[in-house]
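Please read the structure below before turning to the comments.
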Amino acid sequence: MTEAWGPDDDKPRRFAGPVKVRVPAKINLHLGVGPVRPDGFHELNTVYHAISLFDELTARPGDTLTLTMEGEGTGELELDDSNLIIRAARALAQKARVPAHARLHLRKTIPLAGGLAGGSADAAATLLACDLLWGTGYGKDELAEIGAELGSDIPFLLQGGTALGTGHGEAVSPILARPTTWHWVVAIAEGGLSTPEVYRELDRLRGSTWSPEPLESPGQLMAALRQRRPEVLGAALANDLQPAALSLRPALAEVLKAGYDAGALAGIVSGSGPTCVFLTSDAAHADKVAVGLRDSGVCRDAVAARGPMPGARAV
């Protein structure tokens, strides 16, 4: 594997092309949601965690900007200017003042509208791939600034690991802890949930007269990460969007129950859902829980994953 950034100068290496970039999915170990801000976003206090479920984007030289794809969402995902991949490529080209010319191909594994930030992951991969292909020479922070204008999760997916997200999620700070691998099971649902719809449902559940309390600090979660004990981390998982996702998709309660019945230490709706993720003690335990979830028939698939993973990287 070739690292996207050099260890000393924090600048991306340049490739003549083609360029292939692998990018992980994200889950939220803690997601505190505040009131709607004047800019239309909700105030967030979240802990991001990148896991080993990946999309791959390949960029080749071209005379125009085109996008093709295979895998999850083929035939459902629009490949025109509404796609975050195309928007990210055009945003980078505009910033760098270069022609937006590339042939892009997406190999997709992360489910659509699943609460795993698949669209943002693909945009992050695009920014890195096109930066390398075009030799624009931007560093991580500069690409993250471009990405933040397109989606709140994009800056994290360029970085990866485990990180604190504030603002509307776009301000990212790495969480420093001793290296630990956490083992998860990802329960993939049939169909997706619209993130804006889930936020609207949360607002409805809270009521128009809701008087917001200060956002709950993720301090307990970060302390649990430092303890490196799965049962402690499981007790600290929290997601303010979970009640809204369950309201819109009541069947998710059966998925969470099935995960516990299969032996998971903890379960939570991932982000805005409908994907659910379950914490396990080790790789063998994750495989066992995944089998139990698949056998239960409550989800389309269940796959074992681990984290944290690096963000978008050239391979």
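The values are calculated or read from the model by the stated rules, or taken from the named source; none is laboratory data. These numbers were taken from a predicted model, which means no experiment stands behind them. Methodologically, a virtual Cβ is constructed for each residue, glycine included, from the backbone with ideal geometry; neighbour enumeration extends over all protein chains shown.
Remarks
- Criterion violated by G292 - all others in (1) among the small types (G, A, S); (2) surrounded by fewer than 24 Cβ atoms within 10 Å (Cβ to Cβ); (3) closer than 23 Å to A224 by Cα satisfied: (3)
- Filter result for P250 (out of contact with any Asp or Glu (no Cβ under 7 Å at 6 or more places or on another chain), surrounded by fewer than 24 Cβ atoms within 10 Å (Cβ to Cβ), free of Cβ contacts under 8 Å to residues at least 12 places away in the same chain and under 21 Å from A189 (Cβ atoms)): yes
- Output for the range 295-313, where each listed residue is part of a strand (DSSP E or B) and either surrounded by 17 or more Cβ atoms within 10 Å (Cβ to Cβ) or hydroxyl-bearing (S, T, Y) (or both): A302, V303, A304, A305, G307, R313
- Single condition L233 does not satisfy, out of (1) in a loop (DSSP other than H, G, I, E, B); (2) in contact with a strand residue (DSSP E or B) (Cβ under 8 Å, 6 or more places away or on another chain): (1)
- Here is the figure for the range 262-278: residues that are aliphatic (A, V, I, L, M), assigned to a loop (DSSP other than H, G, I, E, B) and farther than 14 Å from A236 by Cβ total 2.
- L256, sole failed condition from (1) aliphatic (A, V, I, L, M); (2) surrounded by fewer than 22 Cβ atoms within 10 Å (Cβ to Cβ); (3) in a strand (DSSP E or B): (3)
- Given (1) farther than 19 Å from H183 by Cβ; (2) crowded, with 18+ Cβ neighbours inside 10 Å, number of the condition A224 does not satisfy: (1)
- Inspection of the range 87-100 identifies at least one residue that is surrounded by 24 or more Cβ atoms within 10 Å (Cβ to Cβ), more than 27 Å from R37 (Cα to Cα) and under 20 Å from the mean Cα position of the chain (by Cα).
- Candidate set from the range 192-218 (those that are at pLDDT below 90 and among the small types (G, A, S)); member that is farthest from E76 (Cα to Cα): S211
- Residues that are over 19 Å from the mean Cα position of the chain (by Cα) and closer than 24 Å to T195 by Cβ, drawn from the range 265-315: A266, L293, V298, C299, R300
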